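Written out below as structure tokens is the structure these notes cover.
Coordinate-derived values only; no laboratory data. All values derive from a computational prediction rather than experimental measurement. When we count neighbours, we look across all protein chains shown, and the Cβ atoms used for this are built from the backbone with ideal geometry, even at glycine.
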Amino acid sequence: MTPENQDWDPFQQKIATLLARVAGARDRAAFLQLYQLTAPRLNALVTRILRDERLAEDVLQEVYLNIWNRSQSYSSTRAKPMTWMIAIARNRAIDRLRLNRTTAPFLTPIEDIDVADHGLLPLDAMLEHEKGQALRSCIEALEERQRGMIMAAFYEGFTYDDLAKRRGVPLSTMKSWIRRGLAKLRQCLDQRQ
Amino acid sequence: MTADQKPFGSEEQSILAAELALGLHGREAYEAARRDDPELRLAVEAWEDDLVGLANDLPPRPPDPRLWDALRAQIEPRPSLPRRLFDSLALWRLFAGGAVAACLALLLLPRTVAPVPGARPDAPPSIVQATSAPPLVASLLPREGSALYLGVYNPQTRQLVVVSAQAEPLPGSGTHRLWMVPDDVGEPVDLGPLRIAGETIIAIDAALASGMTAGSGLVVTLEPGDTPPAREERGDVLAHGKLRVF
């Protein structure tokens, strides 16, 4: 345990310990435990992004192989282990989504994307972490358009170019909308921390 | 401001970091920032930590138990090469779809026997052993249903064999076109039309061979004709699979 992660909650500390065992001794039992503790969360995210259970299973398999192979590169002093694993899962799922988009039209009109369209539980019913609650509150406080674009980027993997084309607005306009939203989000999060 | 321009103030850097964490500038900009700018990397990771609540918001969803079986098979030492193929989750689905076991045997067995270069014409064939680069296989699966095609690539001969995995011809009109996607995320490279029934043998030229590695993707699209489509006119994806070491 390093000084940097002593403030982490027990779950993050457990994940960090298991990752260290996987990285150091190539401990398959630790990897199974890591998988059991984290796969439902990563699967939820990957399935949400891809909206296709079988595709999500393929990607999830790649994600865990990636974690097995790259566990030695994880530095517990830099990022929380779940943040690191979620970034791997999200990036991999979005890569797959973008691959499909190179040859297929976008499936979901941007106008249809909003908080309510993401299968999220109501604000007061789900969040267990104070930080998560702050994030949800701050996102809920954004203008609907800014919130929709930020959510579309997170869950759908849309870039600025994608979003501008889908909304039929100049790229500079899209950047301006989102940047104002991100600035408000940062300000709100800072006030709550 | 673009992703490759360093912002002057901390607020601007924070916004850029948020954009990168969300992927608004694309994956290359994200990777470049993480690789080349330690300060920006920390800011991106801080945003990723802030945004992780969006992932944690989703109700947990336990994956199919077979996924761990497939995963475990890939991280444990295996007794023999063929075992790897049969541990593949995608291939188990392919068999579950039926009608392709015979295709697989037909496809693989003849490819393991070939004359040794320079041997006498009447010399018995020898088993070709992959000395440096093992054969690669990919099952090409649609979003729903069983596999459409099975692909086998021999790096020694740079020959890609794609065989239909469907017992009956697919309904509908059009041409099935094959694409190779380097690392499964790069720009698709056109490999030409496929025979919808039977076997298609594709010679991979030396320039493309470097992309034919484990992890690269094969994608089948439905096109109206035999001519290569323009980038913006590519048809729908019918099936996708990744090359895996056999």
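For peptide B:38-50, the mean count of partner chain Cβ atoms within 10 Å of a residue's Cβ comes to 3.
For region B:10-56, the Kirkwood estimate of hydrodynamic radius, built from reciprocal distances between every pair of different alpha carbons, is 10.4 Å. Reported to the nearest whole Å, the Cα centre-to-centre distance from region A:159-184 to region B:147-162 is 43. Inter-chain Cβ neighbour count for A:177-190, averaged per residue, equals 3 (cutoff 10 Å, partner chain atoms only).
Divide the volume of the convex hull around the Cα atoms of region B:188-246 by the residue count and you get 114 Å³ per residue.
Could you order peptides B:224-234, B:198-208, B:154-164, A:40-50 by the average number of other Cβ atoms within 10 Å of their residues, highest first? Could you put the intermediate results ahead of the total?
Details: B:224-234: 11.0, B:198-208: 13.0, B:154-164: 19.1, A:40-50: 23.5.
Descending packing order for the listed peptides: A:40-50, B:154-164, B:198-208, B:224-234.
For region A:1-58 and region B:217-246, what is the centre-to-centre distance using only Cα atoms, to the nearest Å? After rounding, the separation between the Cα centres reads 34 Å.
Per-residue mean of foreign Cβ neighbours for A:135-142 is 2 (Cβ atoms of other chains, 10 Å radius).
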